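J.: Sharing a structure, written as structure tokens. Questions coming.
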Amino acid sequence: METALKLNVNGEVRQVLAPANHSLLEVLRERCGLTGTKHGCELGECGACTVLLDGEPVLACLVLAVECEDRRVETVEGLSNGAALHPLQQAFADLGAAQCGYCTPGMLMTAKALLDSNPLASEMEVREALAGNLCRCTGYWKIVEAVQWAGRMSTGDMVPPQCLRERNAAGGCSHG
Amino acid sequence: MLRLPEFSFVAARDIGEACALLAEAPKSTRLLAGGTDLLPNMKRRHQHAQRLVGLRAVANMRGIHGDSEMRVGAMTTLSTITRDAKLQRHWPGFVRAVQSISSPVLRTTGTIGGNLCLDTRCNYYNQSEEWRQAIGGCMKEAGDICWVAPSSPRCWAISASDSAPLLCAIGARVRLVSVRGERVIPVEQLFVDDGIVWLGKSDDEVLTEVLLPPVENTKATYWKLRRRGSIDFPVLGVGAALRMGAHGEVTHARIFLGAVSSAPLRAPESEAALLGQQLTEATVKAAGEAARGVAHALDNTDFTMLWRRQMTAVWVEGALRELGGLPPRAQMPETPLGAPAMSV
Amino acid sequence: MADTNKRKLIGTSFRRVDAVGKVSGRTQFADDLSFPRMVFMKLLRSPLPHAQIVSIDTSAAERAPGVVGVLTGSDVPVPFGILPVSHDEHALCPDKVRFVGDPVAAVAALTEEQAQAALALVRVEWKQLDTIADYDDALDASKDLIHTYGDDHNFHKKVSLRFGDPEAGFKQADLVLEDTMFFDGNTHLPLEQHATIAVPEGDGRVAVWSSTQTPHYLHKALTKVLGLPAPWIRVIALTNGGGFGGKSDPFNHEIAAAKMALNLGRPVKITLTREEVFQCHRGRHPTLMSIRTGFRKDGSMTAQHLKTLLDGGAYGSYGVASTYYTGALQTVTYNLPHYQFDGARVWTNKPPCGPKRGHGTPQPRFALEVQLDKAAHALGLDPAAMRLKQLQPKDSITANWLRVGSMGLGPCIEAVMRGSKWLERRNAMPPGRGLGIACSSYLSGAGLPINWNHMPHSGVQLKLDRSGGVAVFCGQTEIGQGSDSILAACVAEILGISLQEIRLCVADTDLTPVDLGSYSSRVTLMMGNAAVQAAERAREILARAAAEELKLPGANIVFADGRVFDAADPARGMSFAAAVQAAESRYGTIGTTGSYTPPRAPGRYRGAGVGPSPAYSYSACIVEVDVDPATGIVRVPDVWIAHDVGRALNPTLVAGQVEGSIYMGIGEALMEESAFRRLPEKLSSALVHKFPNMLEYKSPTFLDMPRVHTSIIEEPDANGPFGAKEVGQGPLLPVMPAVSNAIFHALGVRMDQVPIHPWMVFKALEEKRRGGVGRYGPKAFPAVDYGASLDVPTPAEGGDGKARNADDIGVRGGTMSETQRQSQEKPC
């Protein structure tokens, strides 16, 4: 049986009909038409469907939509400010952090939650925060650079990415 | 897309209502905490429910309370626990165990109660419905045979909770509430060494909170063996808690192994090897060796069973070295998280 | 061509053209599409590894709620396959299933849940056949056959090629090493699960939107199976959410969806589950290898005899090519005067193997590079210096008749030696630490098309608009590698306009000229050359019109910054749009085409078609490991990689491909494995993928990724656009052997097998402590009769590229018979 749900997605309140067994992922993609949120396993194993729920990154495939009423849902579609890209989007675009682009929405949302609380996250903090999001294309380092660069851009520390790379290298390999 | 089967959903407002809803049909109702174990299991059709009772809205099941004897609500998310300053101070070993669970994006949803009640796991069981049909099912679900040990009369699915071995080791307790009343039991009594009936709680009981003992001078830690730096369940977990006397002699030792049995498994031989002794190169090694025989690692997770058994000694020794302040062995990463490839 | 320093785009890290779409969630992948009246399809897949279908009853499923259509094998009886020599697959199995996951029925319903529920109502009666689980089963002549074509018994294909006189070569050797090695299977694991939507279009036509790397080949397969005229079928490849070779075959679900849509007259969508993606597979072939090589005291090779045995799974796929590829590229890195290659592929009841990144070459590369390390150790040589001394020269022809053009392996080796401080650090490593080196090479596109013909491999059309915009049409497919960006940049560079003025129309068989697909690292080189040709032709037309308009006959007209002007007097010129208008006024609507066909390869023997390429990339890799002897756990803190890409058209994209290759290589070296479960034979015939999910198929996370130090080496190749060669696959190859070699350097144990699990290292260390050799790897190579070898004299022997004994050996198995083929195959 479908019930009427009131969801606040990217600041827009929408009424949708969905059965109790639908995940937030299904409702976003199939009922709200927000296909920016991806899926790779539907079992919580890949991170592709990460969205923010009350500011925290969650796996949309493992959250029931009925449990999301009266909570703030943020998806990749809400990341930019109108046509202006979020610093994370800009950094991902310019630094080669998106290749096939399929893990990108989930990466961006997890990274946004991190930067919202810790804009100057260290390389290791970025890697730990994103460790539940798999990417098969990039080898991850360009994503780390993009997240760090975006965080610094948003705080006005406009260090060019090359310098950031050198700074990280000078800080030593955190796992070497 | 893998989707959930049909069910009805009710959000409980308080513990009493949750208990009442559960008592109406305890066999066909399941409690929905974080959902990070239940929902994948339901998608693969190996856990079933006609009704889910959501615990999200139950306010008094969340949060971390108390000072000397801390209480953690069962619905407290794993990430809340990892961020809690007081817990970090009092029970860093507990925080470390919780931090090692799955991945950051799952810990925001997963709860401590859910991690304790985690369904037992096995490579023959945590598979899709179609996959399980292709092997004719297994004892834990629709078949007669435990493929891990085909002549065995029992199911060998393993307890894969990271928090359980640590909570057993420190002597934590859990509160179970039902319409029939409530009781508080030690965490180790929550578990039964049986892959099919793995929880020692009745179907109508709600696990509402975890009660941590006073720290006093207990030192505790958790060491996890898994393939990758994140996401993976443990293939071996070591929860160890020690108290030392005035001369550094071990006066109290509790060591529990995770992921090598259907319940957290106590390692009394290892404990005995330490009691009355100071933590030295020799004693920690002996205690590690003593654990090797305890673990019945079988072929139901990542890695080979023989190697997992051999690693039990190394991991127990590693945990004890840390507690004893002995230098970590060469190349053993000091931090249990974030080390590339296999992490402890 | 303009000189490098004047280039605006080529050679810079310009933002990729699809970046904004991808970071804003706007890029549409196949599963993101929906169409009015769309229904959802699910496939009923075999629960048995090997069985005859005795009967199939779909009547209950047809009556199930929401069900609108059901198909079985008899609805799609025509076989298909990627290679013309192995059309052995069906959209739905008509009479027999060959692995758990082989589809037997398709159900379409109003919702995906309804389709899924109806699958359970299909009744199939089976007659079980022997389970062929591995090499041993496949070589057991008493077991049932998986296919009735191929080589003898459950051998799909056998190859034997001899170049020169290996026995004479071995006689000249001071050291002969013989090793048996094993490279286990693994899979692509693209984050995006395959999805297809088939949409009927007026008058019996159908459009198939799909996540495919090869729309052209899907189009061919659909044409054959549906029996429709080719122009009635339109295939549109959407941007792929990762491919790595896993979306390079035409798949049963794509064809079944098209058939269902035509039957129902409404759009049909299917999106695979992750488990079904594992069943599509086409991943790395598990390969057992025997490698025997002769070395002189200086480490140079005198001869090599390589034997490979590939576990192909249940269908042909690219398998014949894969088999050849396990031998083809052994010769392009180091001089190898005499070479014998014996390869064979067997059928097993597992998902079919195929082309994963590196296609057939990582396995023998592993064997070669590990054996070189053993030779260096035995001869007391530095393994890096030893490699540097025997490089295959540039502009040369190898013993197996591959033409090497540019060759930058030397600078690559030097770069990683410098970067890792190889000479200073190698003899002063702390305990448990080691450095290992390995090198590799890969194709920049296969020299021959899959369906043999004389037509171009890539075509590009330009439509120049009087607004100043340029529409670029090309069949190429963006799978994440950045091919859209390279296409746009090649055209924009030549015409001196910006990327914003380019509109791409790609991967649409109705609208775009054929590009064969995103496989074999062919797109940058082949599409790039076609794009450059099309753009240069347009530039010529515009330059002529502009010169006339400016009254500067014979002037050197330059295209830059959106302007068209006189080189001698840049102020005299016009906007690009004005130049198009000038041309359009004179000549009418302006459009040009470009196309690319690779040069003919010098080899003329049967099998010479696999291996040739217009250009070879080169990579050298040094891996540092940190191994714990108490556990066998291997950590990789740092990787140094240098890759000769010819010319980096976009250094950020190149580095991205290199780092991604290292990532996948680390996965293959240490954890990724397509493992299967054979239940105890007495109790069950089951054979299933051990863990077809993303939790237990171990793909490295952020925390498992080593730091990567990348050097891009540019040895421009005359055959590449602006000198460019491939980068998407080559840098993966050296990672696995370099890890193995580094472990030997760290602890003195040899890992002759990948993935290298900790228990393997642990076991080898225990063996070494007990006085053994300290090795983990396969014990023996089975006796395989590869048959008589084709005997091909080498260039050094004065050969002409042909086999001496071609007439004595006739067509070998591995291919469908001429009659089988003619009945199935229309001429290309």
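The values are calculated or read from the model by the stated rules, or taken from the named source; none is laboratory data. This structure is a prediction, so every number in the text was calculated from the model and none was measured. Positions of Cβ are generated from backbone atoms using ideal geometry, with glycine treated the same way; all protein chains shown enter the neighbour counts. SASA here: full protein model, heavy atoms, side chains in, ligands and nucleic acids out. Shrake-Rupley method; radii C 1.70, N 1.55, O 1.52, S 1.80 Å.
J.: For a test of the definition: using alpha carbon positions, the gyration tensor, and the 1.5 limit on a/c, classify the stretch C:271-311 as rounded, prolate or oblate.
T.: Values: a/c = 7.26, a/b = 3.87, b/c = 1.87.
Prolate shape, in that a/c is at least 1.5 and a/b is the bigger ratio.
J.: Computed FRET efficiency, Cβ-Cβ of residue C:453 and residue C:28, R0 25 Å: what is it to the nearest 0.05?
T.: Values: r = 33 Å, r/R0 = 1.31.
E between residue C:453 and residue C:28, to the nearest 0.05, is 0.15.
J.: Consider a paramagnetic label point 7 Å from the Cα of residue C:232 along Cα→Cβ; state which residues of the stretch C:503-545 have an amide N under 19 Å from it.
T.: Residues C:509-511 fall inside that zone.
J.: Just give the residues from the stretch C:691-725 buried by at least 50 square angstrom of accessible area in the all-chains context relative to the isolated chain, probe 1.4 Å, and say none if nothing qualifies.
T.: In the stretch C:691-725, residues shielded by partner chains: C:694, C:695, C:698, C:701, C:702, C:703, C:704, C:705, C:707.
J.: I would also like to ask the following. Once every DSSP H run of n ≥ 4 in chain C is given -39500 (n - 2.57) and the sum is divided by its residues, what mean residue ellipticity at 222 nm do you get, rounded to the nearest 500 deg cm²/dmol? Mind showing how you got there, number by number?
T.: Details: 21 runs with 218 residues, N = 828.
Taken over chain C, the calculation gives -8000 deg cm²/dmol.
J.: Give the percent of DSSP beta bridges with both residues in the stretch C:126-252 that are antiparallel, rounded to the nearest 5. Please list the in-between numbers first.
T.: Working: 6 of 11 bridges.
DSSP beta bridges in the stretch C:126-252 are roughly 55 percent antiparallel.
J.: Give me the percent relative contact order of the stretch B:31-161, please, defined on Cα pairs under 8 angstrom at least 6 residues apart. Mind dumping the intermediate values first?
T.: Working: 169 pairs, mean separation 30.8, N = 131.
So the answer I get is 24 percent.
J.: Leaving out ligands and nucleic acids, note down the accessible area per residue over the protein assembly as shown with a 1.4 angstrom probe, in whole Å².
T.: 32 Å²
J.: For the protein assembly as shown, give the share of DSSP beta bridges that are antiparallel, in percent and rounded to the nearest 5; count only bridges with both residues there.
T.: Counting DSSP beta bridges with both partners in the protein assembly as shown, the antiparallel share is about 80 percent.
J.: How much accessible surface area, in Å² rounded to 10, belongs to the heavy atoms of residue C:800 with a 1.4 Å probe?
T.: Surface accessible to solvent at residue C:800 totals approximately 100 Å².
J.: Give, rounded to the nearest 20 debye, the magnitude of the charge dipole that the stretch C:201-298 has about its Cα centre when Lys and Arg contribute +1 at Cβ and Asp and Glu contribute -1 at Cβ. Intermediate values should be presented prior to the final figure.
T.: On the way: 14 positive and 7 negative charges, 78 e Å.
My answer is approximately 380 debye.
J.: If amide H atoms are built 1.01 Å from N in the plane of the peptide, which residues on other chains or at least 5 residues away come under 5 Å of the amide H of residue B:8?
T.: So residue B:8 has HN proximity to B:51, B:52.
J.: Chain pair B, A: how much accessible area is buried, both chains summed, with a 1.4 Å probe, in Å² to 100?
T.: On the way: alone 14660 and 8910 Å², together 20830 Å².
Adding both sides of the contact gives about 2700 Å².
J.: Then there is this: Only Lys, Arg, Asp and Glu count, each charged at its Cβ (+1, +1, -1, -1), so figure out the dipole size of the protein assembly as shown about its Cα centre, rounded to 20 debye.
T.: Values: 138 positive and 142 negative charges, 150 e Å.
I would put it at about 720 debye.
J.: Once you have a ≥ b ≥ c as the square roots of the Cα gyration tensor eigenvalues for chain C, tell me rounded if a/c is under 1.5, and otherwise prolate or oblate according to whether a/b is larger than b/c. Kindly include the intermediate steps, with their values, before the conclusion.
T.: Working: a/c = 1.63, a/b = 1.07, b/c = 1.52.
It comes out oblate by the Cα gyration axes.
J.: Within 10 Å of each Cβ of C:651-657, how many other protein chain Cβ atoms are there on average?
T.: Details: counts 1, 6, 2, 1, 5, 10, 5.
Taking all residues of C:651-657 together, the mean is 4.
J.: Rounded to the nearest 0.05, what FRET efficiency do residue C:55 and residue C:120 have when you use their Cβ-Cβ distance and R0 = 25 Å?
T.: On the way: r = 17 Å, r/R0 = 0.69.
The pair residue C:55/residue C:120 has a calculated efficiency of 0.90.
J.: Modelled label-to-label distance, residue C:718 and residue C:37, 7 Å Cα→beta-carbon offset: nm?
T.: 5.9 nm
J.: Same structure again: Would you work out what percent of the accessible area of the stretch B:219-324, with all protein chains in place, is carbon or sulfur (probe 1.4 Å)? Display every interim value, and only then the final one.
T.: Values: 1750 of 3060 Å².
So the carbon and sulfur contribution to the accessible surface is 57 percent.
J.: Say R0 is 30 Å: what FRET efficiency, to the nearest 0.05, do residue C:780 and residue C:297 get from their beta-carbon distance?
T.: Details: r = 29 Å, r/R0 = 0.98.
It comes to 0.55.
J.: GNM, chain A, Cα, under 10 Å: largest mean-square fluctuation among A:13, A:63, A:73?
T.: A:13
J.: Under the definition of partner shielding as Cβ atoms of other protein chains within 10 Å of a residue Cβ, what is the mean value for peptide B:93-102?
T.: On the way: counts 0, 0, 0, 0, 0, 0, 1, 0, 0, 6.
Mean partner shielding for this stretch: 1.
J.: Taking accessible area as the heavy-atom solvent-accessible surface of the protein chains with a 1.4 Å probe, which residues of the stretch A:128-153 lose no less than 40 Å² upon going from the isolated chain to the full protein assembly?
T.: With the partner chains in place, the stretch A:128-153 has these residues losing at least 40 Å²: A:128, A:131, A:132, A:134, A:136, A:137, A:139, A:140, A:141, A:142.
J.: Provide the packing ranking of A:111-119, B:153-161, i.e. peptides ordered by the mean count of other C-beta atoms within 10 Å per residue, highest first. The partial results should precede the final answer.
T.: Working: A:111-119: 19.2, B:153-161: 23.4.
Per-residue Cβ counts within 10 Å, averaged per peptide and sorted highest first, yield B:153-161, A:111-119.
J.: Taking both sides together, what accessible area is buried at the B/C interface, probe 1.4 Å, expressed in Å² and rounded to the nearest 100? The partial results should precede the final answer.
T.: On the way: alone 14660 and 29860 Å², together 40690 Å².
Summed over both sides, the interface buries about 3800 Å².
J.: Quick one: with all protein chains in place, what share of the accessible area of chain C is carbon or sulfur, to the nearest percent (1.4 Å probe)? Intermediate results must be reported in sequence, preceding the final value.
T.: Values: 13110 of 25890 Å².
The value for chain C is 51 percent carbon and sulfur by accessible area.
J.: Could you tally the net charge around residue C:510, taking each other residue with its Cβ under 11 Å from the Cβ of residue C:510, Lys/Arg +1 and Asp/Glu -1?
T.: Working: positive: C:205, C:234; negative: C:201, C:508.
For residues surrounding residue C:510, the net value is 0.
J.: With a 10 Å cut-off between alpha carbons and a GNM built on chain B, which of B:306, B:242, B:106 moves the most?
T.: Sorting by GNM fluctuation, first place goes to B:306.
J.: How far is helix A:141-154 tilted, in degrees, relative to the longest principal axis of the Cα atoms in chain A, given as a value from 0 to 90 rounded to the nearest 10?
T.: The angle comes out at about 90 degrees.
J.: Related question: 222 nm [θ] for chain A, helices only, -39500 (n - 2.57) per DSSP H run of 4+, per residue, to 500?
T.: On the way: 5 runs with 53 residues, N = 176.
After summing the helix terms and dividing by the residues of chain A, the value is -9000 deg cm²/dmol.
J.: Which positions within the stretch B:1-25 get 10 Å² or more of their accessible surface covered by the other protein chains, compared to the chain by itself, with a 1.4 angstrom probe?
T.: With the partner chains in place, the stretch B:1-25 has these residues losing at least 10 Å²: B:1, B:2, B:3, B:4, B:6, B:7, B:9.
J.: I'd like the interface area for chains C and A: accessible area of each alone minus the complex, both sides summed, 1.4 Å probe, protein heavy atoms only. What is it in Å² to the nearest 100? All intermediate terms of the calculation are to be shown ahead of the outcome.
T.: On the way: alone 29860 and 8910 Å², together 34440 Å².
Buried surface at the C/A interface: approximately 4300 Å².
J.: Simple spin-label model, 7 Å along Cα-to-Cβ: residue C:766 to residue B:151 in nm?
T.: Label-label distance for residue C:766 and residue B:151, simple model: 2.3 nm.
J.: Normalised by the number of residues in chain A, what is the relative contact order in percent for Cα pairs under 8 Å and 6+ residues apart?
T.: Numbers: 300 pairs, mean separation 34.6, N = 176.
Computed over chain A, the figure is 20 percent.
J.: Next question, about the same structure. If amide H atoms are built 1.01 Å from N in the plane of the peptide, which residues on other chains or at least 5 residues away come under 5 Å of the amide H of residue C:804?
T.: C:791, C:792
J.: Can you pull the one-decimal nm distance between simple spin-label points at residue C:800 and residue C:95, each 7 Å off the Cα toward Cβ?
T.: Once both label points are built, they end up 4.5 nm from each other.
J.: Gaussian network model of chain A, Cα springs within a sub-10 Å range: biggest mean-square fluctuation belongs to which of A:97, A:83, A:131?
T.: A:83
J.: Give me the net charge for the shell around residue B:255: Cβ to Cβ below 15 angstrom, other residues only, Lys and Arg +1, Asp and Glu -1.
T.: Result for the neighbourhood of residue B:255: +2.
J.: May I pose another question? Using a 10 Å cut-off on Cβ to Cβ distances, tally the other chain neighbours for every residue of B:296-307 and report the average as a whole number. All intermediate terms of the calculation are to be shown ahead of the outcome.
T.: Details: counts 0, 0, 0, 1, 0, 2, 7, 3, 6, 1, 3, 9.
Mean shielding count: 3.
J.: While we're here: Defining a contact as two alpha carbons under 8 Å apart and six or more residues distant in sequence, what relative contact order in percent does chain C show? Don't skip to the answer; put the middle values down first.
T.: Working: 2207 pairs, mean separation 136.9, N = 828.
Relative CO of chain C lands at 17 percent.
J.: Another question about this same structure. For residue B:208, what accessible surface area do you get with a 1.4 Å probe? Give it in Å², rounded to 10.
T.: We get 10 Å² for residue B:208.
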